[in-house]
Amino acid sequence: MIQLTPLDQTVAGKELIQMGVDIGVEKGRDEGELIGKIQMLQRFLKRRLTPKKKLIGKNTGELKAMLKKLESELNI
């Protein structure tokens, strides 16, 4: 029977895992920045802040759409 080396025990596997982690961290930072901008504009517009938990549940496209709408209301 052939036994395969687990992915996380190979050099290539470790590199792939690290790439995935790096991409996840970058995506998290991008989404965090969008959430911060959305809440800042809500404050400027004297709106009720959307809870962070609710914003975290949205995808990047939805966050960008929310930000664009708020920016248009503030004429940015």
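Each reported figure results from applying straightforward, stated rules to the coordinates on display, with no laboratory input. The model shown is predicted, which means the values in this text are computed figures rather than measured ones. Neighbour counts are summed over all protein chains in view; Cβ atoms, including those assigned to glycine, are modelled from backbone coordinates with ideal geometry.
Out of Met66, Ala12, Gly28, whose Cα points farthest toward the positive end of the dipole of the chain (charges: +1 Lys, Arg; -1 Asp, Glu; placed on Cβ)? Going by the charge dipole, the pick is Met66. For the chain, the longest principal axis of the Cα atoms and the long axis of helix 11-44 meet at an angle of about 10 degrees.
Of the two radii for the range 11-74, the radius of gyration is 1.17 times the Kirkwood radius, both from the alpha carbons; that is the Rg over Rh value. Each peptide in 8-15, 39-46, 65-72 gets a packing score, the mean of other Cβ atoms within 10 Å over its residues, and the list from highest to lowest is 65-72, 39-46, 8-15. Report the FRET efficiency, 1/(1 + (r/R0)^6), for Arg29 and Leu4, where r is their Cβ-Cβ distance and R0 is 30 Å, rounded to 0.05. About 0.30, to the nearest 0.05. Put a dot 7 Å past the Cα of Val21, heading toward its Cβ, do the same for Gln42, and the two dots end up 3.2 nm apart. Only helices enter this figure: runs of n ≥ 4 DSSP H residues, each worth -39500 (n - 2.57), summed and divided by the residues of the chain, yield -24000 deg cm²/dmol at 222 nm to the nearest 500.
For the range 64-69, putting each phi into the Karplus relation 6.51 cos²θ - 1.76 cosθ + 1.60 with θ = phi - 60° gives couplings of 5, 5, 4, 5, 4, 5 Hz, in residue order, rounded to whole numbers and with x for Gly and Pro. Between Thr50 and Glu71, the contour length at 0.36 nm per residue exceeds the Cα-Cα span by 6.0 nm.
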